[in-house]
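J.: Below is the structure I would like to discuss, written out as structure tokens.
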Amino acid sequence: MTYLHTREAAEEYLRVRENLFLAMRTDRSNGIAADEIASTAAGTYSRPIIMEYLSSIELRDEARAALREEELDRWVGVRSTGAGRGPRAVLLALTCEPVELQDSERHTLPERLARTLARAGIEPYVTDRTALAGMLYDGEEVRLRRASSQVLVSGGGCAAMRNR
């Protein structure tokens with residue numbers, strides 16, 4: 001088989017790319033403003049992609065923390081889609097089978113999730129709470145977003161002001 005330099009270069013690019021996003025997450029968790037990170041990384045990805053990525057990571061981490069605080073993380077998980085692979089999204093899903101939940105837990109879980117997330121300024125992107133239960137118990141992922149009552153701000157590194 002002919003050795004492909006392209007394969008080696010592609011593997012190196014993906015490794016370095018992941019290092020870049022790890023560095024951006026690390027800087028943001030160390031309190032560096034998202035604007036500064038986007039300016040520093042100029043030329044790698046566009047400013048809107050970096051800002052959207054960092055905003056998604058913050059939303060994911062805040063949702064995880066809120067769920068962990070209420071011990072709901074034993075039934076649900078939150079993940080985010082990565083940068084450069086289409087639109088970024090933060091997704092909530094059950095991590096257990098619905099039948100593993102006691103009847104009382106199954107009936108109250110969607111409302112408890114919605115309340116917990118609302119306190120963190122986050123809401124599921126669904127039409128109503130019944131839809132949330134249906135999606136979760138059907139094995140679908142539910143997209144999360146900043147609560148619509150959040151005030152959007154520009155600059156200062158935030159895509160949305162936290163409602164705390």
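The values are calculated or read from the model by the stated rules, or taken from the named source; none is laboratory data. No experiment lies behind these values; they were computed from the predicted model shown. Glycine also receives a Cβ, built like all others from the backbone with ideal geometry; neighbour counts cover every protein chain displayed. Note: areas computed on protein heavy atoms with side chains; ligands, DNA, RNA excluded. Shrake-Rupley method; radii C 1.70, N 1.55, O 1.52, S 1.80 Å.
J.: In the list 35, 103, which residue meets the criterion of being of a type in the set (D, E, K, R) and exposed (fewer than 12 other Cβ atoms within 10 Å of the Cβ)?
T.: Selected residue: 103, the only one of 35, 103 that is of a type in the set (D, E, K, R) and exposed (fewer than 12 other Cβ atoms within 10 Å of the Cβ).
J.: Look at residue 139 and say whether it is over 30 Å from residue 13 (Cα atoms), surrounded by 13 or more Cβ atoms within 10 Å (Cβ to Cβ) and either modelled with pLDDT of 90 or more or more than 18 Å from the chain's Cα centre (by Cα) (or both).
T.: Taking the combined requirement at face value, the residue does not satisfy it.
J.: Among the residues of the stretch 146-164, write down those that are in contact with a strand residue (DSSP E or B) (Cβ under 6 Å, 6 or more places away or on another chain) and modelled with pLDDT of 90 or more.
T.: Scanning the stretch 146-164 gives a single hit, 147.
J.: Separate question: Mind listing whichever residues of the stretch 1-32 are open to solvent by 70 Å² or more (accessible area, probe 1.4 Å), at pLDDT 90 or above and basic (Lys, Arg)?
T.: 15
J.: Given the structure, is residue 120 aliphatic (A, V, I, L, M) and at pLDDT 95 or above?
T.: Yes, satisfied.
J.: Another question about this same structure. If I ask for residues that are among the β-branched types (Val, Ile, Thr) and modelled with pLDDT under 95, which ones from the stretch 41-81 would you list?
T.: Listed by number, the residues that qualify are 44, 49, 50, 57, 81.
J.: Just give me the residues in the stretch 112-136 being open to solvent by less than 20 Å² (accessible area, probe 1.4 Å) and in a helix (DSSP H, G or I), in sequence order.
T.: Selection gives 113, 114, 116, 117, 132, 136.
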